[in-house]
Amino acid sequence: MTAPPATAPPAQDLLAIKAAALDLLFRTARTANTFTDEPVTDEQVRAIVDLIRNGPTAFNSQPLRIVLIRSPEARQRLLPHLIKDNQAKTDAAPLVAILAADTEFHEHLPRVFPHKPQAKDWFSGADAANHRETQARFNAALQIGYLIIGIRAAGLAAGPMAGFDPDGVDAEFFPDGRLRSLLVLNIGRPGPDAWRDRLPRLSHDDIIHTL
Ligand SMILES: Cc1cc2nc3c(=O)[nH]c(=O)nc-3n(C[C@H](O)[C@H](O)[C@H](O)COP(=O)(O)O)c2cc1C
């Protein structure tokens, strides 16, 4: 496996963690398309989730749910819902997860947002269903970002995929309608030819606008 190219290092003296950690999390970290056979254990997943569940969400709502696809049967139920290009690598990955948003996250608000006991009511009832789903998807997507960085912090690589049929996955895995799938994620140690060519990133001028 050849080392992926690093992007230009930002001014190290402005950053609060060491260069090796920045490389692992951001600069040389890549999206993996192949993996070794080394298993990803439940202990590793718990260590990653212990880190990333500290990431901020609105109302501390934490709507991300992670469904680990461990059994061959579960994987065979998932594969037909992926676009063709994503099927082989997902079949071969040591661990696959469906990342979903809990549209009933407000049930947990009395526990996770206890200083505002009325918060659950703001999201309750049929009238609030659209608002609830928007909040669930937005905050779960934030948490997916934290999760990808957490996977890298554990020395592993992630292969996120939006190329799948979410309605098909939801009907197959979440028939009661509470969870909505957002992403399928392959996890493992990168294998041979794991990376595609590094794609260009937008410039600071594209990204930053100061008013
Ligand atoms: C939300 C999301 C959806 C993606 N969907 C797919 C996908 O369906 N198939 C795929 O091969 N790569 C997919 N990717 C991978 C991206 O193309 C890749 O992360 C991006 O080009 C950056 O690659 P790099 O991390 O190697 O620089 C997805 C990435 C993200 C974050």
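The values are calculated or read from the model by the stated rules, or taken from the named source; none is laboratory data. The model shown is predicted, which means the values in this text are computed figures rather than measured ones. Glycine gets a Cβ as well: all are built from the backbone with ideal geometry, and neighbour counts include every protein chain shown. Surface areas here come from the heavy atoms of the whole protein model, side chains and all, with no ligands, DNA or RNA. Shrake-Rupley method; radii C 1.70, N 1.55, O 1.52, S 1.80 Å.
Residues in the stretch 118-133: is at least one open to solvent by 40 Å² or more (accessible area, probe 1.4 Å), touching a residue at least 24 places away in the same chain (Cβ under 8 Å) and within 14 Å of the ligand (Cβ to nearest atom)? No, the conditions are met nowhere in the stretch 118-133. The set of residues in the stretch 153-171 that are out of contact with any strand residue (DSSP E or B) (no Cβ under 7 Å at 6 or more places or on another chain) and in contact (Cβ under 8 Å) with a residue 60 or more places away in the chain comprises A153, A154, G155, D165, G168. The condition of being open to solvent by 30 Å² or more (accessible area, probe 1.4 Å), at negative phi, aliphatic (A, V, I, L, M) and in contact with a strand residue (DSSP E or B) (Cβ under 9 Å, 6 or more places away or on another chain) does not hold for V45.
Checked against the criterion of being within 11 Å of the ligand (Cβ to nearest atom), surrounded by fewer than 22 Cβ atoms within 10 Å (Cβ to Cβ) and over 15 Å from A100 (Cβ atoms), the candidates G155, G163 yield just one match: G163.
Tell me yes or no: at least one residue of the stretch 80-93 is over 18 Å from A162 (Cβ atoms), within 16 Å of the ligand (Cβ to nearest atom), of a type in the set (G, A, S) and surrounded by 14 or more Cβ atoms within 10 Å (Cβ to Cβ). Yes, some residue in the stretch 80-93 is over 18 Å from A162 (Cβ atoms), within 16 Å of the ligand (Cβ to nearest atom), of a type in the set (G, A, S) and surrounded by 14 or more Cβ atoms within 10 Å (Cβ to Cβ). Taking the criterion of being away from the ligand (no atom under 16 Å from the Cβ) and either open to solvent by 40 Å² or more (accessible area, probe 1.4 Å) or over 22 Å from I151 (Cα atoms) (or both), the residues of the stretch 51-66 that qualify are L51, R53, N54, P56, A58, F59, N60, Q62, R65.
The C-beta contact set for the stretch 1-21 (first residue at pLDDT below 90, second residue open to solvent by less than 70 Å² (accessible area, probe 1.4 Å) and among the hydrophobic types (A, V, I, L, M, F, W, C), distance under 7 angstrom, 6+ apart or interchain) comprises M1/A194; P4/W195; Q12/A19.
Looking only at the stretch 170-189, decide whether some residue is open to solvent by 50 Å² or more (accessible area, probe 1.4 Å), within 15 Å of the ligand (Cβ to nearest atom) and within 20 Å of the chain's Cα centre (by Cα). Yes, there is a match, as at least one residue in the stretch 170-189 is open to solvent by 50 Å² or more (accessible area, probe 1.4 Å), within 15 Å of the ligand (Cβ to nearest atom) and within 20 Å of the chain's Cα centre (by Cα).
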